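Read-outs throughout are calculated quantities, based only on the coordinates presented, and are distinct from any laboratory measurement. Keep in mind it's a predicted model, so treat the numbers as computed, not measured. Here the Cβ positions follow ideal geometry from the backbone for every residue, glycine too, while neighbour counts run over all protein chains shown.
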Amino acid sequence: MHIEALTLQTAPLAAQITFYRDVLGCPLISSSDQHAEIAFVNSRLILERAPIDQRPQYHLALNIPENQLDTAKVWIEARVPLIRWKGQDTFDFDSWRAHSIYFSDAAGNILELIARHRLSNARTTPFDHTGLLTISEIGVAVSDVSETVAQLTTQADLPIFDGAGNTQFTALGDDHGLLIVVSQGRQWYPESGVFAHPYPIRVLLRGGQVITFDQTITVS
């Protein structure tokens, strides 16, 4: 599952533009007082201004070259603090054959850089913003995980990647892209202090399929 574009809502839009363009160095495709479109190597992040009374916070992950977690960590730490938990700032997902680091953007979204070792995307050039390859995960908070998973596997033809039968957490997709479906109120890993709430999300997949989460789930 390849995520071509991900649309989220954000409250501090100007601060987010500064973060992604000036702190991370990502190209800014377009911007206005209502939106910003940011380019990673193979995905786009579209931020829309949230209603004035809301401050949405999400979890999203970016795939990086599978051999560059250590250099990515040095690069990120020079720009923003890493999230630490139980004395760790690097996390090993053995069953996923992946390692991750976590940090926050200007809106308090939980960002993850993940090196997935099953992907053949290793490189030898120094790590910089061009190592932010693609949006590989978006967390989706729902009232009923099992019902949502059943709908997405049927209507969007997405395979279960992990957590089959789990009523609190199920990942759908593959190493290229995942929907992380969790129950409302679950704290985003790793003990981030940010909790999953059902804010609007629009996911454009390679091939043109669109999945929208906003009160209801639509697949088109």
Exercise for review: Kindly list, by first and then second residue, each pair from a residue in segment 123-144 that is of a type in the set (Lys, Arg) to a residue that is assigned to a loop (DSSP other than H, G, I, E, B), limited to pairs with Cβ atoms under 8 Å and residues at least 6 apart or on different chains.
Suggested key: 123/65; 123/67; 123/68
Review point. Looking at this structure, is residue 187 more than 17 Å from the chain's Cα centre (by Cα) and over 18 Å from residue 135 (Cα atoms)?
Key: no
Review point. Under 6 Å by Cβ, and 6 or more places apart or on different chains, what pairs join a residue from segment 203-220 that is over 16 Å from residue 153 (Cα atoms) and touching a residue at least 60 places away in the same chain (Cβ under 8 Å) with one that is part of a strand (DSSP E or B) and hydrophobic (A, V, I, L, M, F, W, C)?
Key: 204/5; 204/210
Revision key, fill the gap. Those residues of segment 70-88 which are part of a strand (DSSP E or B) and of a type outside the set (Phe, Trp, Tyr) amount to 88
Point to revise | Selection count, segment 175-220, where residues are over 21 Å from residue 98 (Cβ atoms) and among the acidic types (Asp, Glu) | key: 1
Review point. From the set of residues in segment 89-135 that are of a type in the set (Phe, Trp, Tyr) and not in a strand (DSSP E or B), which is surrounded by the fewest Cβ atoms within 10 Å (Cβ to Cβ)?
Key: 96
Revision key, fill the gap. Restricted to segment 30-82 and to residues being over 29 Å from residue 98 (Cβ atoms) and of a type in the set (Asp, Glu), the residue surrounded by the fewest Cβ atoms within 10 Å (Cβ to Cβ) is 53
